[in-house]
Amino acid sequence: MSESSGQRPFPTGFLDAWRGVRAVFRSERNFRIHTAIAVVVLMSGFLFRLSALEWVSVIFACGLVFAAEIMNTAVEYLADAVHPEMDPGIRRAKDAAAGAVLMASVAAAAVGAIVFLPKLWEWLSKS
């Protein structure tokens, strides 16, 4: 099988994937915003001493948002390469991919509220 069919050595594929993450980070403002929010959330997790289950929930939610944002960017890159001019079908595909990011972000915000609001409330009531 050829390299293009997915039979490349593991390190090569891993490095390609990281190159893709870096490219999205450099080119997409929303990905950088999600990254900044994730850093604040992770720092807050240490501050509030999250339980193992809370960490799993928060990390999974962050990972879901990152994955959705990267897939959205991939759809946009591919759509623009295949059909650069305006097209209703391409527009629907891009909107659907952006909707996936929105849904992942809303779910992550809900996880954040469930995990952090009680801890924040307790911390504020002690002050």
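Out of the residues in segment 70-92 that are among the aliphatic types (A, V, I, L, M) and out of contact with any helix residue (DSSP H, G or I) (no Cβ under 6 Å at 6 or more places or on another chain), state the one that is modelled with the lowest pLDDT. Please lay out each step first, then the result.
Just the residues of segment 70-92 that are among the aliphatic types (A, V, I, L, M), to begin with: 70-71, 74-75, 78-79, 81-82, 86, 90.
Now narrow it down to the ones that are out of contact with any helix residue (DSSP H, G or I) (no Cβ under 6 Å at 6 or more places or on another chain): 71, 74, 78, 81-82, 86.
Numbers: Met71: 98, Ala74: 97, Leu78: 96, Ala81: 95, Val82: 94, Met86: 90.
Once the filter is applied, the top-ranked residue is Met86.
For segment 79-93, give me the residue count where each residue is exposed (fewer than 14 other Cβ atoms within 10 Å of the Cβ) and under 24 Å from the mean Cα position of the chain (by Cα).
Looking only at segment 79-93, we keep the residues that are exposed (fewer than 14 other Cβ atoms within 10 Å of the Cβ), and these are 80-89, 91-92.
Now drop any that are not under 24 Å from the mean Cα position of the chain (by Cα), which leaves 80-81, 91-92.
Number satisfying all stated conditions: 4.
Do you know which residues across segment 47-69 are part of a helix (DSSP H, G or I) and in contact with an Asp or Glu (Cβ under 9 Å, 6 or more places away or on another chain)?
As a first pass, look at segment 47-69 and keep what is part of a helix (DSSP H, G or I): 47, 52-69.
Result: Glu69, single match.
Cβ-Cβ under 7 Å, sequence separation 6+ or interchain: first residue in segment 21-46 and in a helix (DSSP H, G or I), partner among the charged types (D, E, K, R). Which pairs?
Every condition considered, the pairs that remain are Phe25/Arg32; Asn30/Glu69; Phe31/Glu69; His34/Glu69.
Can you go through Ala108, Ala98 and tell me which one is closer than 24 Å to Ala17 by Cβ, touching a Cys at 6+ places or on another chain (Cβ under 7 Å), at pLDDT 95 or above and part of a helix (DSSP H, G or I)? Can you show your working first?
Details: Ala98 fails: touching a Cys at 6+ places or on another chain (Cβ under 7 Å).
Just a single option satisfies the conditions, and that option is Ala108.
The values are calculated or read from the model by the stated rules, or taken from the named source; none is laboratory data. Keep in mind the model is a prediction, meaning the values are calculated, not measured. In this analysis, Cβ positions are derived from the backbone assuming ideal geometry, glycine residues included, and neighbour counts consider all displayed protein chains.
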